[in-house]
Structures are given as structure tokens and as C-alpha cells.
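A short worksheet on the structure shown next.
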Amino acid sequence: MRGLAPGSPVSVSRSPVRRAGRRDNGQSMVEFALVFPVAILLFFMIIEGAFLLFSDATSHFAAGEAARQGAEGGNAATTDANMVKVIRDSAVGQTTLEVVNEIDIYRLNQDSSGNLTVDSAHVNKYKLDGTSIGAVNWPSITRNVTSDSSDYIGVTIDYTYNWRTSLFAPLAPPRLTAIYYVRLEPQTY
């Protein structure tokens, strides 16, 4: 400290690191304020997407299990009731993620190319509790379960997914379907 008289004030300059540190704190706050809402939005979208995928997977699994039950039940009088029970006892009927609007059990016709089409004259519609919606047009006792020409059976679960987060509340809940086809197991050979 050459050239300073005793008792004179000493001028101390601030280090550039300290000045930059204060500016970085402000910059960090602004970046956080811009990124945080986007991060929260992405987080809730991921959570909602996971619930939606779970709902879709459980519905398809339940439709497949119901179709399997129908294939094994064949033309037994309780086949449709057992199929609806399988769906009701699955995760589809046990969670609040979705509301089952209708369960359709129907016959499929096979053309010469092997393509399957819904036989609209043979469709049974049920609620999740097992009560029929309209007439039962394809009673299970009339199903063909012979080894040479067993019927094909289809199951469609029509359900509405309930949004779990308020982020999507303004949007209407999506109405989705799970479909599964299978051939009836021959009961007579």
C-alpha cells in the first residue's frame, strides 16, 4: 500500500467473481420461473398418460379373458353371464379409472378369404352388472360348437376413461373400446 498516508481510507475493489455470482442468482431464478411450469405440465402429462395406458391395457386384457371364457364355455346356458363376470372381476370393473358403458358379445362370420366381419343380427349387449341392453339376439345355447365349423365370438368393451388430473378436466373424457375375437372351442367331435 505504497503512497497512502496513515489513516487514509483504503479503496477495495470487489472481485468479479462476486459480482457475477449475484447476477447468476437472478438468472437462475428467472430460468427456474420459466422452466418450472413446463416441468410440472410434463410431469402431469406423464402421470395421466400412464393411467390411460394402464386403463387401455387392462381393458384389452379383460376383453381377451372374456373371449377365452366364451370360447371354453361354448354353448352352455351361462356362458354370457360368465363372460361379463370375468370383465366385472378384472381391473376394469374394480377401478375408478374407467366406466364401462357397454359389453358386446357377438358372432363373427368368416368369408372365403378368412376375413371376419361382425354378424349384426347376432349381437348381445350387456351392462357391467350383467343386465342385458335390449334383446339377446344370440343366445349361447344356439352357438355352433362342432369340430368342423365352430362359430367365432367377439367381445367389445366400450368404456369411458376418467381424467385423473385436473389438467385435462376441460377436455371431454375419451370414449374407448377394447376388442377381442376368438373361435369357439369344439364341444363335440
What residues have an amide H closer than 5 Å to that of Gly74, excluding those fewer than 5 places away on the same chain, when H is modeled at 1.01 Å from N in the peptide plane? Glu185
About its Cα centre, what dipole magnitude does the range 26-183 give when the only charges are +1 on Lys and Arg Cβ and -1 on Asp and Glu Cβ, stated in debye to the nearest 20? 180
Quick one: which of 85-98, 169-182, 106-119 comes out on top by average Cβ neighbours within 10 Å, and what's the full order, highest first? 85-98, 169-182, 106-119
Could you state the principal axis extents of the C-alpha atoms in the range 95-189, from the largest down, to the nearest angstrom? 56, 31, 22
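D for the range 42-100, whole µm²/s, Stokes-Einstein with Kirkwood Rh over alpha-carbon pairs at 4 °C and 1.567 mPa s: what number? List each step's numbers first, then the result.
Values: Rh = 12.4 Å.
Answer from the Stokes-Einstein relation: 104 µm²/s.
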Within the chain, what percent of beta bridges assigned by DSSP are antiparallel, to the nearest 5? 95
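Give the dimensionless ratio obtained when the Cα radius of gyration of the range 32-73 is divided by 2.2 N^0.38 Å. Don't skip to the end; give the middle numbers.
Working: Rg = 18.3 Å, N = 42, 2.2 N^0.38 = 9.1 Å.
So the Cα radius of gyration is 2.01 times the expected 2.2 N^0.38 Å.
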Descending principal axes extents, the chain, alpha-carbon based, whole Å: 118, 33, 24
Return one number: the angle in degrees, 0 to 90 and rounded to the nearest 10, between the long axis of the Cα atoms of helix 16-73 and the longest principal axis of the Cα atoms of the chain. 10
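Values in this text are rule-based calculations from the coordinates and carry no lab data. For clarity, every value in this text was computed on a predicted model and none was experimentally measured. Positions of Cβ are backbone-derived with ideal geometry, glycine not excepted, and every protein chain shown enters the neighbour counts.
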